[in-house]
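Below: the structure, in structure tokens.
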Amino acid sequence: MQDIAAQAIDKINVVSQIFDANPWTMIGVILLGFMGGTLSGFIGSGGAFLMTPGMMNLGVPGVMAVSANITHKFGKAMMGSKKHGEFGHVDKKLGIYLLATAAIGIRAAVVVNGFFFEKLGKAGSSLYVSAFFVLTLSIIGYSLLKDAMRSSREPGAGPSDKLLNLSRKFQFKPLIHFKVANVDVSLVVLLVIGFFVGFMAGTIGVGGFIGVPAMIYVFGVPTVVAAGTELFLAMFMGAWGAFNYGLQGYVDLRLVLLLYGGSLVGIYFGAIGTHLVKELYIRMVTAILILLCVVSRVLAIPEYLLQLEIIELNEGSAVMFEIGSKVFLFGSGIVATFLILFWTFKAKAKEKAGERLGFSHGLE
Amino acid sequence: MKKIILIDGKWDMNSPALQYTLKASKGTDTEIAGIFLAADSSKETIENARNVLKAARQAFDSEGVGFSSYVVAQDPETFMKKLNDLMPASLVLIGDAKFTDEMKKGGVSIEALKEKFTCPVTTAEAIAAAHKEKKPAKGINWGKFIIYAIGSALMYGVFFPEIDMLNKKIFMTGTVLGGLAIMAVVAVHAWTWGNTTNILPKLFKLEK
């Protein structure tokens, strides 16, 4: 237990120790930022689901990876939202309503995350974050994949309307109309979803994976508007999360600035991609990537259990789990980023072919 | 020679689709292959469609644009066969034409056509909407870029190496001042670095 207490106290030096032990870790964080930024710009969320576990794979404690991520979310969303705003993809009114309870959700998550770090140290914090990650994102990833597969079988089919129809049965008054998204949503449903978005963002740094699907499947918001609005919402949630984690002393700005080094390069390409790439591809990438990251986290859990002396594992198995986790995470991130950039440039080339005919806009 | 396949159910020469097609074809060595998507295959409908297409031919001829036309009923097999026969094309433009449920069930929809053909497939609405949204190209403001780039260099070259020390003094002290300082640094850095990297899509010609 002394070791655990020492880890808890040493949060100021833990990142220095990681960087001193292996300076290449800094490049790893920048690469994570680039992949996360590209994905985030492309699907409106998704940076965090890759960056949080990625930093944990590099040795950063769960709570500090989450706090770096949510702090980074603030500025990244600020720039991403600006870009989506230029395309008219942001419903600010919807974002503000969701934010009202998301702030409470974030505060609750900060308290819970801090509790695990203080009581169980680095491994306990990472275990809690990983378990939460696996539990929530496996459900979300599976649902998204199922829906994307359906759309691929039936060209032209939009997102599934099952949840949308279900939510219409719970249209408690008052209903609020959102002009940009062109939907009417119950205030009660809005506030409940807002809390869960905030709690998820505060716990694993991933709010968009409830926020974006909820907006698409429950509220009936078009995918591009959901992505843009999520970035707008993420800007304020990130600011609030950064402040709250800052109050507990968990934010190491080195991680944040390194993430920015890559993410604010990638985010522009991702955001332009939403304008050029087919919606089905956006949904397909999101779903597959979430599930691959879940697999990566599942493979990371035995190491934390070992550190907490909950299970016994021989050295060879532990190394295999660790390498497997990294390969799944970085491999899937690199492939997805490459695909997004490839589709974006390909779609642009197709648009230019139309431009030569005098049709400079509107070609998909 | 380029070819535009125009699919329309009315062939109104004043419609956006026909106007765009005319504008794009004039003086550009482009021929038009027109498909009149008829609601049914009755004799009367086909006759009417042919008359409308005659008027369209005259309009294209007067502008010196090559024009061939076909009347096709809303039958997925016939429609796809005709479209395949007309390929390769430089563009497929869908004007005032709605595909029936039978066509959609048979795999004929705008999305399916986009998937099937390598050339661009678009609608008159998409082109009109994009033209409406079109903003004047901003280009690259090199003066602003240099200022932001210098700011970014200072952040990464001067500020970043000092963070370890500043963490102990301010950022990781767990105080309100620490929390506010973090938010201020993040906002300034994201704005500075974000506006520096903003140039990249323009350099890669993804944006004008």
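Roughly what angle does helix B:16-25 make with the longest principal axis of chain B, taking Cα atoms, 0 to 90 degrees, to the nearest 10?
90 degrees
Which entries of A:K348/B:K10; A:K76/B:K114; A:K93/A:K346; A:K173/B:K105; A:K146/B:K116 show an alpha-carbon separation above 28 angstrom in the structure shown?
Exceeds cut-off: A:K348/B:K10; A:K76/B:K114; A:K93/A:K346; A:K173/B:K105.
If the protein assembly as shown were replaced by its equivalent ellipsoid, with semi-axes equal to the square roots of 5 times the Cα gyration tensor eigenvalues, what would those be, largest first, whole Å?
In descending order the semi-axes read 50, 25, 21 Å.
Please state, to two decimals, what the Cα-based radius of gyration of the range B:2-133 comes to when divided by 2.2 N^0.38 Å (N = residues).
Values: Rg = 14.0 Å, N = 132, 2.2 N^0.38 = 14.1 Å.
Against the compact-globule rule of thumb, the ratio is 0.99.
Determine, from the Cβ-Cβ distance of B:W142 and B:L166 and an R0 of 45 Å, the FRET efficiency 1/(1 + (r/R0)^6), rounded to the nearest 0.05.
After rounding to 0.05, the efficiency reads 0.85.
How far apart, in nm, are the 7 Å Cα→Cβ label points at A:N22 and A:I104?
4.3 nm
Determine the dipole magnitude for chain B: charges of +1 sit on the beta-carbon of Lys and Arg, -1 on that of Asp and Glu, nothing else is charged, the reference point is the Cα centre, and the result goes in debye to the nearest 20.
With Lys and Arg at +1 and Asp and Glu at -1, about 740 debye.
Accessible area, 1.4 Å probe, largest first: how do A:R153, B:R50 sort? Write out the running numbers ahead of the final one.
Details: A:R153 165, B:R50 130 Å².
In descending accessible area the options line up as A:R153, B:R50.
Within the range B:1-157, what whole-number % of the accessible surface is contributed by carbon and sulfur, with the 1.4 Å probe and all protein chains included in the calculation?
On the range B:1-157, the fraction of accessible area on carbon and sulfur atoms equals 54 percent.
A:S40 accessible area, nearest 10 Å², 1.4 Å probe?
Per-residue accessible area (A:S40): approximately 0 Å².
How large is the translational diffusion coefficient of the range B:142-203 in µm² per second when you combine the Kirkwood radius over alpha carbon pairs with Stokes-Einstein at 20 °C and 1.002 mPa s?
For the chosen part, D equals 169 µm²/s.
Nearest 20 debye, what's the magnitude of the dipole of the protein assembly as shown about its Cα centre given +1 on Lys and Arg Cβ and -1 on Asp and Glu Cβ? Don't skip to the end; give the middle numbers.
Numbers: 54 positive and 43 negative charges, 240 e Å.
About 1160 debye.
I'd like the accessible area for A:I139: 1.4 Å probe, protein heavy atoms, all chains in place, Å² to the nearest 10.
Looks like 110 Å² after rounding.
Considering only protein heavy atoms, with the full assembly of protein chains and a 1.4 angstrom probe, order A:R107, A:R297 by accessible area, largest first.
Details: A:R107 90, A:R297 0 Å².
So the residues, ranked largest to smallest area, are A:R107, A:R297.
Given a 1.4 Å probe and heavy atoms of the protein chains only, how would you sort B:T45, B:T118, largest accessible area at the top?
Result of the area sort, largest leading: B:T118, B:T45.
Count, for each residue of A:239-250, the Cβ atoms from other chains sitting within 10 Å of its Cβ, then give me the mean as a whole number.
Values: counts 4, 1, 0, 7, 6, 1, 3, 15, 8, 4, 8, 2.
So the per-residue partner count for this stretch is 5.
What's the average, rounded to a whole number, of partner chain beta-carbon atoms within 10 Å of each residue's beta-carbon in B:117-125?
That average works out to 4.
Through the Karplus equation 6.51 cos²θ - 1.76 cosθ + 1.60, θ set to phi - 60°, convert the phi angles of the range B:181-190 into ³J(HN,Hα) values in whole Hz; use x for Gly and Pro.
Along the range B:181-190, the couplings run 5, 4, 4, 5, 4, 4, 4, 5, 5, 4 Hz.
The values are calculated or read from the model by the stated rules, or taken from the named source; none is laboratory data. Note that the structure is predicted; figures quoted are calculated from it, not measured. Cβ coordinates were reconstructed from backbone atoms using ideal geometry, including for glycine residues, and neighbour counts include every protein chain displayed. These area figures cover heavy atoms from the full protein model, side chains too; ligands, DNA and RNA do not enter into them. Shrake-Rupley method; radii C 1.70, N 1.55, O 1.52, S 1.80 Å.
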